[in-house]
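Visitor: Okay, handing you the structure first.
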Amino acid sequence: MPTLALVGNPNVGKTSMFNGLTGLRQQVGNWPGVTVERKEGELKVAGQKVNVVDLPGIYSLSASSEDARVARDYIINEKPDVLVNVVDATNLARNLYLTVQLLEMGANIVVALNFMDELEKSGLKVDAVRLEKLLGVPVVPTSAKTKEGLKELAKHALTAAHCRGRRLQPLKLHYADGVEEKIKELALPRWEALKRLETEEAGSDDYAAAIAQARYRFIEDVVRQVLVQTQDKDPLSLTDKIDRLVADSFWGIPLFFLVVWAVFQFTFKMGEPLVGLAQGLCGLAADYALRSMTELGVPDPLVSLVVSGLIPGVGSVISFTPNIFLLFFAISLLEDSGYMARAAHIADRFMSSMGLHGKAFIPMVLGFGCNVPGIMAARTLGNRRDRIITILLIPFMSCMARLPIYVLFAGTFFRDSQSLVILGLYALGVVLALLMGNLFGRLLFESEPSYFILELPPYRFPSIRVSVIRAWQKAAAFVNKAGTSITGAAALVWLLSNLPWGVPYASDSSVLGRIGRLIAPLLRPAGFGTWEAAAALIFGSMAKELVVSTLGIVYRAEGAALSQVIAQRWTPGNALSFMVMSLIYMPCVAVMATIKKETGSWKWAAFAAICSVSLGWLMAVLVFQGIRLLGLLPYGR
Amino acid sequence: MWGKHRFRRGQYGMSPARSAARSAHLLSLAELRPGERGRIVSLRAPGPVLRRLLEMGVLPGTEIAVKGVAPLGDPMVIAVKGYRLSIRKYDGSGVLVEPTGTDRILYTKDVSNS
Ligand SMILES: Nc1nc2c(ncn2[C@@H]2O[C@H](COP(=O)(O)OP(=O)(O)O)[C@@H](O)[C@H]2O)c(=O)[nH]1
């Protein structure tokens with residue numbers, strides 16, 4: 001089966017094209033070992049099946065980004081039969097830069113000249129026939145939105161794929177003398193020599209500049225011959241008008257906060273009933289399983305494993321999906337409308353003080369709802385450095401699942417200043433994120449400078465259909481990739497609480513209780529060195545909601561009664577340090593699984609765990625010992 | 001809040017040749033104001049930033065125009081090669097520009113300019 005790969009700049013309609021070509025027969029995953037998304041699908045044309053691969057959106061092949069490397073390696077090593085280069089006709093010059101690089105490689109390409117429907121409206125005209133002649137490869141006008149030209153494109157691509165044996169004559173540009181000499185010296189195929197000069201040779205900065213200049217000179221020559229302006233107005237005048245208000249004036253700030261607030265509400269408030277529904281269904285499933293398995297005479301431990309181990313595990317996976325779906329629907333609308341880039345533009349001044357990229361703002365805010373969708377939203381960051389730092393910082397944003405812990409402890413001990421204490425905890429998280437962001441940037445990514453150079457695409461009406469498809473894919477990928485680890489962890493904790501067989505669930509004689517006892521001395525400096533606290537924290541690393549419910553189980557009390565027990569057994573001092581610990585100490589299993597999924601390796605998940613456990617412990621100890629030494633609060637009994 | 005002088009120094013170290021060039025009325029991109037346009041004369045930035053600028057078409061000979069500045073004073077929006085780019089002043093401080101005028105009707109067709 002021949003393989004067709006889609007390649008092009010970001011925002012050129014590649015996804016729409018991919019969906020249009022493959023329908024919904026597609027799979028979403030990651031490129032091995034990296035944070036870049038990989039999509040594959042199938043296209044049927046003239047009775048033949050074609051494998052379609054979507055490459056990451058890139059501006060050139062010579063950048064050092066992960067995206068560029070993935071695309072480059074794929075084209076060079078896996079040699080797809082044909083490359084469809086999607087080009088935004090309304091932004092021809094910059095789009096052709098990648099095209100020129102592909103032509104220089106002698107890649108077998110077909111150019112899809114997309115956004116033809118918008119071209120005329122913006123007062124431009126492109127002579128596709130002329131362009132075809134100048135580039136020496138097929139150029140097919142398309143509109144991925146209306147699906148015009150896609151059949152034609154598929155046909156051309158298939159024809160080109162069949163002529164694969166015919167070696168394409170690589171495009172040969174004339175470079176500055178210094179570059180040409182060097183190319184001769186290297187005695188490599190021309191494009192390889194160029195790649196070496198651009199990226200590896202000593203003095204490659206100067207070569208890179210000279211090479212880029214020559215390429216753009218060629219491009220402008222081409223553009224001059226094929227692009228005609230039919231109206232005497234700037235095609236982007238409307239976008240500029242909107243931007244004067246939205247991106248470049250004071251009014252941009254309130255609008256920005258309004259949008260961020262709306263996305264947050266949409267994701268979490270609209271998700272609430274759906275999450276409730278999902279949980280209700282799991283309850284029903286558990287009841288049903290319990291009844292039918294007892295009837296069938298299934299042994300008790302097995303029934304318990306299914307009913308209180310596996311089903312709640314699956315339930316927690318499912319309860320994340322409505323939020324992820326809604327979030328990505330919203331993000332997709334924002335991206336396609338062009339506002340996402342403006343939001344990053346506005347937030348960047350503030351985020352850069354943390355050593356972060358402007359695009360990190362929205363994922364971090366979402367982290368206050370739930371870290372999982374926040375981390376997934378970090379996908380929108382193009383640069384590996386920024387993406388990973390953002391992912392590592394999101395767990396410091398205090399998610400909603402941590403709130404009940406604060407409510408319980410602050411409500412018991414700090415009734416008069418409850419909201420102040422809780423606000424303080426949120427602020428502590430943000431401050432730590434700020435400090436750690438700078439630290440991570442310095443220690444881990446010293447060689448990769450942070451920069452902000454972001455295209456602001458024209459404002460456009462987003463397509464609901466495209467957004468639904470994209471959101472659906474994200475939610476499905478989450479269930480697929482993170483689901484197993486989350487369910488597995490649920491089963492493991494169930495096992496620990498029930499072994500050895502016959503002990504009361506999660507009692508101090510269970511394995512979990514014994515582990516709690518083992519850990520407790522380590523927690524003593526922080527003021528809460530009891531097995532109950534340790535067990536609550538262990539359960540909390542499953543899901544932060546479980547901290548309070550575990551305390552309920554081990555103290556055999558709920559609601560007001562639990563608060564009373566806590567008031568007797570705890571002190572204001574260790575309650576405060578326990579809240580600090582709960583804020584920081586460990587990303588829950590779902591977050592860990594998501595970090596693994598998004599960064600492509602357990603390494604970063606493990607790093608996040610170790611980092612946060614040590615930092616959480618340290619902070620809790622500092623808080624407790626500070627209180628003890630200064631005698632600020634009652635700390636012991 | 002963001003005095004121009006912060007960028008006047010040039011962030012990536014300035015060679016004597018460049019300081020001389022500056023006296024010939026060259027400005028860094030970060031020093032241009034909304035409405036001002038210019039032609040890029042030279043480019044200096046750390047490797048990855050340089051490559052990013054190049055692939056985005058920010059290179060010597062290219063006409064650019066400043067469209068606006070974000071409400072907090074940074075980054076700025078420029079028009080280049082017929083599209084819009086938001087760029088931190090810090091990252092644009094190594095882009096030397098020869099001012100070519102000030103107007104509000106920016107970018108008609110910079111294609112003919114290089
Ligand atoms: N008018 C018009 N809009 C398009 C066309 N192709 C894509 N779009 C829209 O442009 C936006 C970005 O498209 P998308 O497929 O997400 O681009 P990608 O970032 O390259 O994957 C979406 O809102 C699409 O609906 C087209 O040919 N004409």
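The values are calculated or read from the model by the stated rules, or taken from the named source; none is laboratory data. Since we're looking at a predicted model, the values are computed, not measured. Glycine gets a Cβ as well: all are built from the backbone with ideal geometry, and neighbour counts include every protein chain shown. In case anyone asks, the SASA skips ligands and DNA or RNA and just uses the protein heavy atoms, side chains included. Shrake-Rupley method; radii C 1.70, N 1.55, O 1.52, S 1.80 Å.
Visitor: How many residues does the stretch A:198-249 contain that are more than 9 Å from every other protein chain (Cβ to nearest Cβ), assigned to a loop (DSSP other than H, G, I, E, B) and small (Gly, Ala, Ser)?
Guide: 2
Visitor: Only one of these conditions is not met by residue A:375: (1) in a helix (DSSP H, G or I); (2) closer than 16 Å to residue A:583 by Cβ; (3) open to solvent by less than 20 Å² (accessible area, probe 1.4 Å); (4) not charged (D, E, K, R). Which number is it?
Guide: The failed condition is (2).
Visitor: Taking the residues in the stretch A:44-60 that are within 16 Å of the ligand (Cβ to nearest atom) and assigned to a strand (DSSP E or B) as candidates, determine which candidate is nearest to residue A:211 (Cα to Cα).
Guide: Result: A:54.
Visitor: Right, here's the next one. Would you please name the residue that is modelled with the lowest pLDDT, looking only at residues in the stretch A:1-37 that are open to solvent by 50 Å² or more (accessible area, probe 1.4 Å) and within 15 Å of the ligand (Cβ to nearest atom)?
Guide: Looking at residues that are open to solvent by 50 Å² or more (accessible area, probe 1.4 Å) and within 15 Å of the ligand (Cβ to nearest atom), I get A:24.
Visitor: So, one more: Need the failing condition index for residue A:197 against (1) in contact (Cβ under 8 Å) with a residue 40 or more places away in the chain; (2) open to solvent by less than 50 Å² (accessible area, probe 1.4 Å), just the number.
Guide: That leaves (1) as the condition not met.
Visitor: Might you check whether a residue that is within 14 Å of another protein chain (Cβ to nearest Cβ), near the ligand (Cβ under 10 Å from one of its atoms) and of a type in the set (A, V, I, L, M) occurs anywhere in the stretch A:107-129?
Guide: yes
Visitor: I'd like to check which helices (runs of 4 or more DSSP H) are fully inside the stretch A:553-637 and have at least 3 residues that are closer than 30 Å to residue A:66 by Cα.
Guide: Once the helices (runs of 4 or more DSSP H) in the stretch A:553-637 are filtered for at least 3 residues that are closer than 30 Å to residue A:66 by Cα, what remains is A:589-599, A:602-630.
Visitor: Okay, next question. Among the numbered conditions (1) assigned to a strand (DSSP E or B); (2) modelled with pLDDT of 90 or more, tell me where residue B:61 comes up short.
Guide: The one condition residue B:61 does not meet is (1).
Visitor: Something else: Got at least one residue in the stretch A:413-428 being surrounded by 20 or more Cβ atoms within 10 Å (Cβ to Cβ), more than 14 Å from every other protein chain (Cβ to nearest Cβ), more than 30 Å from residue A:310 (Cα to Cα) and in contact with a Leu (Cβ under 7 Å, 6 or more places away or on another chain)?
Guide: The answer is yes; a qualifying residue exists.
Visitor: Output the qualifying pairs, or none if there are none: Cβ atoms under 7 angstrom, residues six or more apart or on different chains, first residue in the stretch A:1-12 and hydrophobic (A, V, I, L, M, F, W, C), second residue near the ligand (Cβ under 9 Å from one of its atoms).
Guide: Note: pairs meeting the criteria are A:6/A:14; A:6/A:17; A:6/A:18; A:6/A:54; A:6/A:86; A:12/A:86; A:12/A:88; A:12/A:114.
Visitor: Continuing with this model, one more query. I'm checking my understanding of the structure. Among residues of the stretch A:250-261 that are assigned to a helix (DSSP H, G or I) and open to solvent by 50 Å² or more (accessible area, probe 1.4 Å), which one is farthest from the other protein chains (Cβ to nearest Cβ)?
Guide: A:261
Visitor: Here are A:245, A:302: which of them is open to solvent by 30 Å² or more (accessible area, probe 1.4 Å) and either of a type in the set (Gly, Ala, Ser) or farther than 30 Å from residue A:456 by Cβ (or both)?
Guide: Going through A:245, A:302 in turn, the sole match is A:302.
Visitor: Give just the number: which of (1) closer than 30 Å to residue B:55 by Cβ; (2) out of contact with any Gly (no Cβ under 7 Å at 6 or more places or on another chain); (3) open to solvent by 70 Å² or more (accessible area, probe 1.4 Å); (4) more than 8 Å from chain B (Cβ to nearest Cβ) does residue A:269 not satisfy?
Guide: Failed condition: (1).
Visitor: Just checking, does the stretch A:533-550 include any residue being assigned to a helix (DSSP H, G or I) and over 21 Å from residue A:489 (Cα atoms)?
Guide: No; the residues of the stretch A:533-550 include none that is assigned to a helix (DSSP H, G or I) and over 21 Å from residue A:489 (Cα atoms).
Visitor: Under 9 Å between Cβ atoms, at least 6 apart or on separate chains: pull out the pairs that start in the stretch A:319-343 with a residue that is away from chain B (no Cβ under 14 Å) and away from the ligand (no atom under 11 Å from the Cβ) and end on any residue that is acidic (Asp, Glu) and open to solvent by 10 Å² or more (accessible area, probe 1.4 Å).
Guide: Between residues of the stretch A:319-343 that are away from chain B (no Cβ under 14 Å) and away from the ligand (no atom under 11 Å from the Cβ) and residues that are acidic (Asp, Glu) and open to solvent by 10 Å² or more (accessible area, probe 1.4 Å), the close pairs are A:322/A:272.
Residues are listed down the side, and each one gets a yes or a no for (1) under 20 Å from the mean Cα position of the chain (by Cα); (2) surrounded by fewer than 17 Cβ atoms within 10 Å (Cβ to Cβ):
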| site | (1), (2) |
| --- | --- |
| A:445 | yes, no |
| A:473 | yes, no |
| A:477 | yes, no |
| A:486 | yes, no |
| A:508 | no, yes |
| A:512 | no, no |
| A:520 | no, no |
